[in-house]
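Visitor: Have a look at the structure that comes next, please.
The values are calculated or read from the model by the stated rules, or taken from the named source; none is laboratory data. Not measured: the values here are computed from a predicted model. Every residue, glycine as well, gets a Cβ built from its backbone with ideal geometry; the counts of neighbours run over all protein chains shown. Please note that ligands, DNA and RNA were not included when accessible areas were found on the heavy atoms of the full protein model with its side chains. Shrake-Rupley method; radii C 1.70, N 1.55, O 1.52, S 1.80 Å.
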Amino acid sequence: MTVALAPAGTDALPLHVLGADDVALWAGQQSDRIRTWVESSGFKGAIGAALMIPNDLGQPEAALIGYGTEALRNRDRFALAAAMTKLAPGTYRIDSGIEQDHLEQEALGWLLASYAFDRYRDTKVERPTLVTPDGVDGERVSIMAEAEFLTRDLINTPASDMGPQELETAARALAKRHNAKITVTTGEALLADNFPMIHTVGRASDRAPRLIDMSRGNRGPRITLVGKGVCFDTGGLNLKPGSSMGLMKKDMGGAANVLGLAHMIMASGLQVRLRVLIPAVENSVSANSFRPQDILTSRKGLTVEINNTDAEGRLVLADALTFAAEEKTDLIVSMATLTGAARVAVGPDLAPYFTDDDDAATALDLSARRMADPVWRLPFHTPYEPMIEPGIADLDNAPKGGFGGAITAALFLRRFVKEDDRYIHFDIYGWQPTAAPGRPKGGALQGARALFAALPDLLGL
Ligand code: BES
Ligand code: MN
Ligand code: ZN
């Protein structure tokens, strides 16, 4: 699926974006014919409302889209996206009604609303096209939309067609497209190369575990992205009940998000040395599954007592983070559908993140708002460290009681980077539970766009 704004200057119908308070005024300035049409249509400028305006021959001459009020817009994002599906097919240019600093996200929302997951069914919906609004970088918006489509596609694809091998194939395709280097360590080679926990979590599946390592760029600051690639999470021997397992094809949502972010970075030509690490595994049940109370030795040498085989994400990420931290970096980011506790804390919409760097948090919060990609900082609360120390080993993968479960998981991960590493960890949901404007139900990009837009600030570019 190609996704792009039309170049500025493309022949297009004018699109008037009218708030609830603007409709009467605008209609009053039109011909009797148009005023009557608007008044009799019941169009009141509500978010999600659209009205085609015909000329004397009955052909479309212009269109109206409702923009509601600021208070109502703040209840969601992407007001244009809410209405664009109701426009007649064709090309439109925004003529009036949107403040300059909202144009970029509204244009993005428009593109995001045109997404359909069509791998298994021909959906063939024709969506209207938007001309790049004045002052908006159309290529940048298109890149961000394309990244999100990639992320959504990867998450939406069921585990039967998105195992560790297929995730590798997707990473290879992205690497090829951007001339990135990629190496993959698979199966027994994980043991030889000292990624014991990635191997242990993935060994029960007949689809071999692997570590995907992609990199591009030889100038600029070093940024390493680590994404949880659990292609299906049954829970392992601590088997999830059916109701909790239902959505676990999305447990590679962290990997899908870092690949989306990598696309944004590489396609926009940011001058960075980018590296992407994805431990790709399936957490399955078999005679050789790892067990509760097994003690694993990680790549870093820290021992981990398994108190729940369903806390597998932190294990595979730990070895990948250790590997990431073996070279000097300017920023390490992990993204993972890591805990149910994060969902309970902030719900599916907000992407919680952890960092010890207050400046990074400020930059992220700002860019999240600008990019309509909401995030929320949670603390690496050091006084909880004893909760991840079981006594019998260095670390416990699943502290009893589950208090502060997103925080203890984050603290666990932090043990595997170096103390002076600049580290941001995202515990995302990666899924849109009910359709919203620009965000169809299904796989979701979260936090990646906020990060992308914050990178110049974070890395001093
Ligand atoms: N992939 C899950 C976390 C998850 C569940 C994310 C549902 C989003 C929605 C993860 O591997 C997991 O099972 N975590 C456990 C950890 C617990 C056993 C310490 C959890 O959150 O219950
Ligand atoms: Mn799990
Ligand atoms: Zn998981």
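Visitor: Name the residues in the stretch 310-343 that are more than 13 Å from ligand 3 (Cβ to nearest atom), outside any helix (DSSP H, G or I) and either free of Cβ contacts under 8 Å to residues at least 60 places away in the same chain or among the charged types (D, E, K, R) (or both), would you?
Guide: Within the stretch 310-343, 326, 327, 328, 330 meet the criteria.
Visitor: Shifting gears a bit: Would you confirm whether any residue within the stretch 61-81 is part of a strand (DSSP E or B), open to solvent by less than 20 Å² (accessible area, probe 1.4 Å) and on the phi > 0 side of the Ramachandran plot? It would help to see each step written out before you state the result.
Guide: In the first step, residues of the stretch 61-81 are kept if they are part of a strand (DSSP E or B); the result is 61-68.
Next cut, open to solvent by less than 20 Å² (accessible area, probe 1.4 Å) only: 62-68.
Subset that is on the phi > 0 side of the Ramachandran plot: 68.
Yes, because at least one residue in the stretch 61-81 is part of a strand (DSSP E or B), open to solvent by less than 20 Å² (accessible area, probe 1.4 Å) and on the phi > 0 side of the Ramachandran plot.
Visitor: Do you know which of the residues in the stretch 405-418 that are within 11 Å of ligand 1 (Cβ to nearest atom) and either farther than 20 Å from residue 200 by Cα or among the polar types (S, T, N, Q) (or both) is surrounded by the most Cβ atoms within 10 Å (Cβ to Cβ)? Steps first, answer last, please.
Guide: Within the stretch 405-418, the subset within 11 Å of ligand 1 (Cβ to nearest atom) is 405-406, 408-409, 412.
Now drop any that are not either farther than 20 Å from residue 200 by Cα or among the polar types (S, T, N, Q) (or both), which leaves 405-406, 408.
Values: 405: 22, 406: 21, 408: 24.
Restricting to residues being within 11 Å of ligand 1 (Cβ to nearest atom) and either farther than 20 Å from residue 200 by Cα or among the polar types (S, T, N, Q) (or both), the top hit is 408.
Visitor: Could you say which residue among 61, 39, 99 is out of contact with any Asp or Glu (no Cβ under 6 Å at 6 or more places or on another chain) and within 30 Å of residue 269 (Cβ to Cβ)? Show your work before the answer.
Guide: Numbers: 61 fails: within 30 Å of residue 269 (Cβ to Cβ); 39 fails: within 30 Å of residue 269 (Cβ to Cβ).
Exactly one residue qualifies, and that residue is 99.
Visitor: While we're on this one: Quick check on the stretch 381-392: of everything there that is hydrophobic (A, V, I, L, M, F, W, C) and crowded, with 18+ Cβ neighbours inside 10 Å, which residue is nearest to ligand 2 (Cβ to nearest atom)?
Guide: Just the residues of the stretch 381-392 that are hydrophobic (A, V, I, L, M, F, W, C), to begin with: 387-388, 392.
From the residues that got through so far, the ones that are crowded, with 18+ Cβ neighbours inside 10 Å too are 387-388.
Working: 387: 18, 388: 16 Å.
For the stretch 381-392, the residue satisfying everything is 388.
One line per residue, one yes/no per condition, for (1) surrounded by fewer than 19 Cβ atoms within 10 Å (Cβ to Cβ); (2) within 16 Å of ligand 3 (Cβ to nearest atom); (3) assigned by TED's automatic domain parsing to the domain that holds residue 412:
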| position | (1), (2), (3) |
| --- | --- |
| 236 | no, yes, yes |
| 244 | yes, yes, yes |
| 263 | no, no, yes |
| 297 | yes, no, yes |
| 302 | yes, no, yes |
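Visitor: Checking the conditions here, which among 237, 261 is touching a helix residue (DSSP H, G or I) at 6+ places or on another chain (Cβ under 6 Å) and not charged (D, E, K, R)?
Guide: Details: 237 fails: touching a helix residue (DSSP H, G or I) at 6+ places or on another chain (Cβ under 6 Å).
Step by step, each of 237, 261 is checked, and only 261 is touching a helix residue (DSSP H, G or I) at 6+ places or on another chain (Cβ under 6 Å) and not charged (D, E, K, R).
Visitor: Quick one: in the stretch 354-373, which of the residues that are in contact with a Lys or Arg (Cβ under 6 Å, 6 or more places away or on another chain) and under 24 Å from residue 438 (Cα atoms) is surrounded by the fewest Cβ atoms within 10 Å (Cβ to Cβ)?
Guide: Our first condition is that a residue be in contact with a Lys or Arg (Cβ under 6 Å, 6 or more places away or on another chain); within the stretch 354-373, this holds for 357, 361, 371-373.
Checking the rest, the ones that are also under 24 Å from residue 438 (Cα atoms) come to 371-373.
Values: 371: 22, 372: 20, 373: 25.
Looking at the filtered set, the residue picked out is 372.
Visitor: Of the residues 190, 174, only one is open to solvent by less than 10 Å² (accessible area, probe 1.4 Å) and either in contact with a Leu (Cβ under 7 Å, 6 or more places away or on another chain) or in contact (Cβ under 8 Å) with a residue 24 or more places away in the chain (or both); which?
Guide: Working: 174 fails: open to solvent by less than 10 Å² (accessible area, probe 1.4 Å).
Step by step, each of 190, 174 is checked, and only 190 is open to solvent by less than 10 Å² (accessible area, probe 1.4 Å) and either in contact with a Leu (Cβ under 7 Å, 6 or more places away or on another chain) or in contact (Cβ under 8 Å) with a residue 24 or more places away in the chain (or both).
Visitor: Would you mention how many residues in the stretch 432-451 are surrounded by 20 or more Cβ atoms within 10 Å (Cβ to Cβ) and outside any loop (DSSP other than H, G, I, E, B)? It would help to see each step written out before you state the result.
Guide: The initial filter retains those residues of the stretch 432-451 that are surrounded by 20 or more Cβ atoms within 10 Å (Cβ to Cβ), namely 432, 437-439, 443-451.
Subset that is outside any loop (DSSP other than H, G, I, E, B): 432, 439, 443, 448-451.
Adding up the residues that qualify gives 7.
Visitor: So residue 126 fits all but one of (1) in a loop (DSSP other than H, G, I, E, B); (2) at pLDDT 95 or above; (3) closer than 22 Å to residue 52 by Cβ; what number is the exception?
Guide: (2)
Visitor: Does residue 198 satisfy the condition of being open to solvent by less than 30 Å² (accessible area, probe 1.4 Å) and closer than 24 Å to residue 373 by Cα?
Guide: On the way: open to solvent by less than 30 Å² (accessible area, probe 1.4 Å): yes; closer than 24 Å to residue 373 by Cα: no.
In short, no.
Visitor: Continuing with the same structure: So, residue 428, is that one in contact (Cβ under 8 Å) with a residue 40 or more places away in the chain and not small (Gly, Ala, Ser) or not? Lay out the reasoning, then the answer.
Guide: Working: in contact (Cβ under 8 Å) with a residue 40 or more places away in the chain: yes; not small (Gly, Ala, Ser): yes.
Yes, satisfied.
Visitor: While we're on this one: Residues in the stretch 140-159: is at least one in a loop (DSSP other than H, G, I, E, B) and over 29 Å from residue 337 (Cα atoms)? So that I can check it myself, show each step before the final result.
Guide: Of the stretch 140-159, the ones in a loop (DSSP other than H, G, I, E, B) are 157-158.
From what's left, over 29 Å from residue 337 (Cα atoms): none.
No: the stretch 140-159 contains no residue that is in a loop (DSSP other than H, G, I, E, B) and over 29 Å from residue 337 (Cα atoms).
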